[in-house]
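Engineer: Following this message is one structure expressed as structure tokens.
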Amino acid sequence: MKARVLAFLISLSIFSSIQILPVSAETKLLPATITGTWLSTQLLTVRFEDEKGTYTFVSDTVLIRITIEANGTVTGTCGGATFSVGKIRENRNWFGSLFDLGTDYVFEGQLTGKIFDMDPLPEKKIKVPFNLKEGYLQGTLFQKKGWDGNPMVNFKLGKR
């Protein structure tokens, strides 16, 4: 009996995420608890491929400062780079929350500019899954290259 209930809940979760009706023109707003300006100083690592095809890592401590708008847009800086091209979206439904699968939110976008002096990459695609936990935004900033994701920093940002 428990297996049937679990199977029902899983199928309900899967099928509830399938879009059957046309998407409304309205944009779903983010909760006020995550909007605003968040910041912290963090040790961040950038990965790049050298001329031999070997991955090299460089690190420095930088200020991460983001402002999240209710419509999901993000502005801000990560060291000397700027967050651009992307929006925050909700990342899981009630089933994922119940079993702690994934994170509540994810930002996919780009960092434009060098994060710090030794950063050789002027542009990086990024993915940032995160939760609001104990009054802080907590998650990981990933540097993306194709399917590959390299964690640059596990962050904990406080609201200003």
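Engineer: Could you list all residues from the stretch 79-98 that are closer than 19 Å to Asn131 by Cβ, touching a residue at least 24 places away in the same chain (Cβ under 8 Å) and more than 13 Å from the chain's Cα centre (by Cα)?
Structural biologist: If the condition is that a residue be closer than 19 Å to Asn131 by Cβ, touching a residue at least 24 places away in the same chain (Cβ under 8 Å) and more than 13 Å from the chain's Cα centre (by Cα), then Asn93, Trp94, Phe95, Gly96 are the ones that fit.
Engineer: Could you please let me know if Thr82 is at pLDDT below 95 and in a strand (DSSP E or B)?
Structural biologist: no
Engineer: Would the stretch 110-133 turn up any residue that is on the phi > 0 side of the Ramachandran plot and at pLDDT 95 or above?
Structural biologist: Yes: one or more hits.
Engineer: Okay, moving on. May I ask you to list the residues in the stretch 54-76 that are farther than 16 Å from Phe130 by Cβ and buried (at least 18 other Cβ atoms within 10 Å of the Cβ)?
Structural biologist: Within the stretch 54-76, just Val62 meets the criteria.
Engineer: Anything in the stretch 144-160 that is touching a Phe, Trp or Tyr at 6+ places or on another chain (Cβ under 9 Å) and closer than 20 Å to Leu43 by Cβ? List them, or say none.
Structural biologist: Residues satisfying the conditions are Gly149, Asn150, Pro151, Met152, Phe155, Lys156, Leu157, Gly158.
Engineer: Follow-up question, since we're still on this one. Looking only at residues that are free of Cβ contacts under 8 Å to residues at least 40 places away in the same chain and assigned to a strand (DSSP E or B) in the stretch 137-150, which one is surrounded by the most Cβ atoms within 10 Å (Cβ to Cβ)?
Structural biologist: Looking at the filtered set, the residue picked out is Gly139.
Engineer: Let me ask another. Which of the residues spanning the stretch 66-77 are out of contact with any Lys or Arg (no Cβ under 8 Å at 6 or more places or on another chain) and touching a residue at least 12 places away in the same chain (Cβ under 8 Å)?
Structural biologist: Ile66, Thr67, Ile68, Glu69, Ala70
Engineer: Which members of the stretch 27-52 meet the condition of being under 15 Å from Leu121 (Cα atoms) and either part of a loop (DSSP other than H, G, I, E, B) or touching a helix residue (DSSP H, G or I) at 6+ places or on another chain (Cβ under 8 Å) (or both)?
Structural biologist: Of everything in the stretch 27-52, those that are under 15 Å from Leu121 (Cα atoms) and either part of a loop (DSSP other than H, G, I, E, B) or touching a helix residue (DSSP H, G or I) at 6+ places or on another chain (Cβ under 8 Å) (or both) turn out to be Asp50, Glu51.
Conditions tested, residue by residue: (1) basic (Lys, Arg); (2) over 22 Å from Leu30 (Cα atoms).
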{"position": "Ile66", "(1), (2)": "no, no"}
{"position": "Glu69", "(1), (2)": "no, no"}
{"position": "Lys87", "(1), (2)": "yes, no"}
{"position": "Asp100", "(1), (2)": "no, no"}
{"position": "Tyr105", "(1), (2)": "no, no"}
{"position": "Lys125", "(1), (2)": "yes, yes"}
{"position": "Pro129", "(1), (2)": "no, no"}
{"position": "Pro151", "(1), (2)": "no, yes"}
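Engineer: Are any residues in the stretch 110-124 part of a strand (DSSP E or B) and surrounded by 19 or more Cβ atoms within 10 Å (Cβ to Cβ), and if so, which ones?
Structural biologist: Of everything in the stretch 110-124, those that are part of a strand (DSSP E or B) and surrounded by 19 or more Cβ atoms within 10 Å (Cβ to Cβ) turn out to be Leu111, Lys124.
The values are calculated or read from the model by the stated rules, or taken from the named source; none is laboratory data. What you are looking at is a predicted structure, and each value in this text was computed from that prediction instead of being measured. Every residue, glycine among them, receives a Cβ derived from its backbone with ideal geometry; neighbour counts consider all protein chains shown.
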